[in-house]
Each structure stands twice: as C-alpha cells, then as structure tokens.
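Beneath this line is the structure, given in structure tokens, with notes to follow.
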Amino acid sequence: MECRNHLAAPAQDRCAGCMEPFCANCLVTVRGRKYCASCKVMAVGDRMPMVETAATMPCAEAEEALKYALIGIVCFGIILEPIALVKGLQAKKLIAANPALSGAGKATAAIAVSSVILGFWVLVILSAIFSK
C-alpha cells in the first residue's frame, strides 16, 4: 500500500476521515486520531467527515445469529432458532448502542428467519399433541 500523496513512500496508516492510505509525513494527530491535510480541517472545526461515522466493524453477534438461524432451518431448529432469536435481538441492541458496528441487516434477517422457523416448530408440536 502506497501513500496517496507520495507514490514511492509506503503508507503507514489510513486517514480517520477519508480512509485513504498515507505515509507518516502526510498524517497529523487530532484528538487521538490520524488525519490527512484535507480531513484535519474538518476534524479541527468539529465537522467530522461522513466516512468516519460509517460502520467499520462487523457485529459478531449478528453473524452468529444469522448462522444459527440458517442452520436451524435444516437441523436442530427447535434448539437453534431460540438461540438465533436471542442473539439477533442482542445484536440489534449492540448496533444501536455503537454506531461503529455493522450488521443490522443480518440481525434483522436472523430475527425474521428464526421467528418463522420457530413458529413452524410450534405448529408441528401442537399438531402432534392434538392429533392423538
């Protein structure tokens, strides 16, 4: 990875504002974060760039919830779907509390899939009970 301003220089880090790679000479630290010349103006003036507020880390709970929900469709649904539902709700809370987390769509999908499949399992169990 090369510096955006100096093509011969290796990049040391990415700007917290635009996320472009820069060498150590091109970055300055403002409030504990490294910025390029363009973005430091916004950081100093309290006008943070839009890229900085974007989600940057995937939420592990959302990924686990979706995994459990999808596996629960094929096997062990009566066990895995409640776990997926709880993990999906936890992921939604974590994402709402931390805007740096991504995965709200996965959490929503996990909640939807697990609710439908869990409802199906409840119907199967009730039909088995009342058919006798």
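The values are calculated or read from the model by the stated rules, or taken from the named source; none is laboratory data. Only a predicted model underlies this, so the values are computations on that prediction, with no experimental measurement involved. In this analysis, Cβ positions are derived from the backbone assuming ideal geometry, glycine residues included, and neighbour counts consider all displayed protein chains. Note: accessible area is taken over every heavy atom of the protein model, side chains too, but ligands, DNA and RNA are not part of it. Shrake-Rupley method; radii C 1.70, N 1.55, O 1.52, S 1.80 Å.
Any idea which of A69, L89, A109 is furthest toward the positive side of the dipole for the chain, if Lys and Arg beta-carbons carry +1 and Asp and Glu beta-carbons -1?
L89
Summing -39500 (n - 2.57) over the DSSP H runs of n ≥ 4 in the chain and dividing by its residue number, what mean residue ellipticity at 222 nm do you reach, to the nearest 500 deg cm²/dmol?
That comes out to -18500 deg cm²/dmol.
According to a simple spin-label model (label point 7 Å from Cα along Cα-to-Cβ), what is the distance in nm between F120 and I73?
Between I73 and F120, the simple spin-label model gives 0.8 nm.
Under the 0.36 nm per residue contour assumption, what length would be gained going from the current alpha-carbon distance of Q90 and M19 to full extension?
Result: 22.6 nm gained on full extension.
Could you do me a favour and compute the accessible area per residue for the chain, 1.4 Å probe, result in Å²?
63 Å²
DSSP loop chymotrypsin sites (Phe, Trp or Tyr not before Pro) in region 6-107 with at most 12 other Cβ atoms within 10 Å of their Cβ, which ones?
Taking region 6-107 and a limit of 12 other Cβ atoms within 10 Å, the loop chymotrypsin sites (Phe, Trp or Tyr not before Pro) found are F76.
Check which residues have an amide H placed less than 5 Å from A11's amide H, if you skip close sequence neighbours.
E2, C3
Hand me the tally of lysine pairs in the chain: alpha carbons under 23 angstrom apart, and the pair either on different chains or 8 or more positions apart.
Close lysine pairs under the 23 Å cut-off: 7.
Residue by residue through region 31-39, what is 3J(HN,Hα) from phi via Karplus (6.51 cos²θ - 1.76 cosθ + 1.60, θ = phi - 60°)? Round to whole Hz and write x for glycine and proline.
Calculated HN-Hα couplings, in order: 6, x, 10, 8, 10, 7, 4, 5, 7 Hz.
Would you grab the residues whose amide H sits under 5 Å from the one on E20? Only those 5+ places off in sequence or on another chain, please, with H modelled 1.01 Å from N.
C15
With every protein chain in place, what's the accessible area of V86 (1.4 Å probe, Å², nearest 10)?
80 Å²
For K34, which sequence-distant residues (separation of 5 or more, or a different chain) have an amide H within less than 5 Å of its own amide H, given hydrogens modelled in the peptide plane?
Amide H neighbours of K34, under 5 Å, 5+ apart: A16.
Could you run the Karplus curve 6.51 cos²θ - 1.76 cosθ + 1.60 with θ = phi - 60° over region 99-115 and give me ³J(HN,Hα) per residue in whole Hz, x for Gly and Pro?
Result, rounded to whole Hz: x, 7, 8, 10, x, 4, x, 5, 5, 5, 4, 4, 5, 5, 5, 5, 5.
For region 57-98, count the residues as N, evaluate 2.2 N^0.38 Å, and divide the Cα radius of gyration by that value, please.
For region 57-98, the normalised Cα radius of gyration is 1.15.
Could you tell me the ratio Rg/Rh of region 1-131? Both radii from Cα atoms, Rh via Kirkwood.
Ratio of gyration radius to Kirkwood radius: 1.29.
Within the chain, what whole-number % of the accessible surface is contributed by carbon and sulfur, with the 1.4 Å probe and all protein chains included in the calculation?
Answer for the chain: carbon and sulfur cover 66 percent of the accessible area.
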